[in-house]
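K.L.:
Sharing a structure here in structure tokens format.
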Amino acid sequence: MISQAVRMESLSSSIFSEVDELRKAEIAAGKSVITLSIGSPDLPPAPHIIEALNTAAISNQNYGYTLSKGTDEFLMAAANWYKQKFNVTLNPETEVHSLLGSQDGLAHLALCMVNPGDIVLVPDPGYPIFSVGPLMAGAELYKMPLLPENNYLPDLKAIDKDILRRAKLMILNYPNNPLAATASSDFFAEVVALAHEYSFVVCHDFAYSELVFDGYRPASFLATPGAKEIGIEFHSLSKTYNMAGCRVAFAVGNAQVLSLLGKLKSNFDYGIFYPLQKAGVAALTGSQECVRNTAMTYQQRRDIIVKGFNNIGWHVASPQATMFVWAPVPTKQTSFDFVVDLLQHTGVAVVPGSAFGACGDRFIRIALVQPNEILAESVLRIKNWLG
Ligand SMILES: Cc1ncc(COP(=O)(O)O)c(C=O)c1O
């Protein structure tokens, strides 16, 4: 008899897999399905990135193990990128660490920061690994509701002082998945003050820093005065450079936290495949026109969905960033029931907000991962269905 470790019970929201099974069943039944559920970029990396990968991949010498921390060249490229984009100065030797995707960092961070029973403050709704990583470490979660009436920011004043005293880690993410919400530097300043007062570490996931629209520029959490003393920030090349399958990302910020994470990671695994680090360097140091083009593509897609929905009377806010639209359920159904109905009547597959936490249940998440004409087709199908 094979038994499962108790901690496995907290893995993977069944809602995601249930919706995906239904989506696959529709495809198997020959229906035309438009997949707007999976947040994987459909756009390719720029040619100079693929070329750097190709060039490095044909050299016999590049197939050995690499160090978990990252090559000097990669760490320097990440530090310079941060300086240029956010005016944050980083020591590439101590304040930058490579990651096998930011998911790697989010999965392992709590393991080296918290003891069983310690509290980790996580957003609800939130990207699932924010909760899964701490749960695997035996942490207790305190879910910070992100509600429209608070502009999707946690109400820091509403968190009980006893909870704050037991908290070891807070995880934040702006621009946000799934909410597409953004945060101001004033909010980050409040977070930094609270983290100093109660001595917890803050991890800010900045995966969508470059998928920004209409001239909006998000502030780096690390640019907040005092942030580096208590926090780290994750950036990923997955969305910025359309390299999701490459698993290239990095953490920056507090040297002690990064050294703990590095110690754990180097015991668990090795570093990023050398040719992929070369591709990462090409991405970070090369022309950033590809990033502007990617953001512009998502902006146009956002407009098709947001304008299209609003024209049919489904009132949806227009996000300033990310590759997602967070739309209120237009019926009295739960988000799950609505998503199933939507799929079966129109073939449009999206994710119910409840997959990201109980506070998401009145919403659905639409990923802008199809070209303009397919998005327009999905609006048309929904219009015909909702009448
Ligand atoms: C908020 C957020 N963080 C992290 C990730 C994971 O990114 P990576 O590919 O770097 O592991 C995603 C992917 O969708 C995300 O939305």
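K.L.:
Give, as residue ranges, the helices (runs of 4 or more DSSP H) completely inside region 1-114 that count at least 2 residues that are closer than 25 Å to Ser287 by Cα and in contact with a Leu (Cβ under 6 Å, 6 or more places away or on another chain). Give the derivation first.
P.N.:
On the way: elements: 14-28, 47-57, 72-86, 102-113.
So the answer is 72-86.
K.L.:
If only one of Lys143, Lys85 is in contact with a strand residue (DSSP E or B) (Cβ under 8 Å, 6 or more places away or on another chain), of a type in the set (D, E, K, R) and either more than 16 Å from the ligand (Cβ to nearest atom) or more than 30 Å from Val291 (Cα to Cα) (or both), which one is it?
P.N.:
Details: Lys85 fails: in contact with a strand residue (DSSP E or B) (Cβ under 8 Å, 6 or more places away or on another chain).
Matching residue, one of Lys143, Lys85: Lys143.
K.L.:
Further, regarding this structure: Suppose we filter Pro175, Pro218 for residues that are assigned to a loop (DSSP other than H, G, I, E, B), in the same structural domain as Leu141 (by TED's automatic domain parsing) and either more than 11 Å from the ligand (Cβ to nearest atom) or farther than 25 Å from Ile366 by Cβ (or both); which single one remains?
P.N.:
On the way: Pro175 fails: either more than 11 Å from the ligand (Cβ to nearest atom) or farther than 25 Å from Ile366 by Cβ (or both).
The unique qualifying residue is Pro218.
K.L.:
So which of Ser318, Ser354 is within 22 Å of Tyr208 (Cβ to Cβ), part of a loop (DSSP other than H, G, I, E, B) and not hydrophobic (A, V, I, L, M, F, W, C)? I'd like the intermediate steps shown before the answer.
P.N.:
On the way: Ser354 fails: part of a loop (DSSP other than H, G, I, E, B).
Only one candidate qualifies: Ser318.
Every residue, every condition in (1) within 16 Å of Ser98 (Cα to Cα); (2) away from the ligand (no atom under 14 Å from the Cβ); (3) modelled with pLDDT under 95; (4) surrounded by fewer than 21 Cβ atoms within 10 Å (Cβ to Cβ), yes or no:
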| site | (1), (2), (3), (4) |
| --- | --- |
| Leu211 | no, no, no, no |
| Glu233 | yes, no, no, no |
| Ser238 | yes, no, no, no |
| Met243 | yes, no, no, no |
| Arg247 | yes, no, no, yes |
| Ala251 | yes, no, no, no |
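K.L.:
Suppose the filter is among the aromatic types (Phe, Trp, Tyr), modelled with pLDDT of 95 or more and farther than 30 Å from Trp326 by Cβ; does Tyr63 pass it?
P.N.:
Details: among the aromatic types (Phe, Trp, Tyr): yes; modelled with pLDDT of 95 or more: yes; farther than 30 Å from Trp326 by Cβ: yes.
Criteria met by Tyr63.
K.L.:
Please determine, by comparing only the residues of region 213-231 that are aliphatic (A, V, I, L, M) and at pLDDT 95 or above, which one is surrounded by the fewest Cβ atoms within 10 Å (Cβ to Cβ).
P.N.:
Start the filter on region 213-231 by keeping residues that are aliphatic (A, V, I, L, M), which leaves 219, 222-223, 227, 230.
Applying the additional criterion that residues be at pLDDT 95 or above yields 222-223, 227, 230.
Working: Leu222: 23, Ala223: 16, Ala227: 25, Ile230: 22.
Looking at the filtered set, the residue picked out is Ala223.
The values are calculated or read from the model by the stated rules, or taken from the named source; none is laboratory data. These numbers were taken from a predicted model, which means no experiment stands behind them. With ideal geometry, Cβ positions are generated from the backbone for all residues, glycine too; neighbour counts draw on all protein chains shown.
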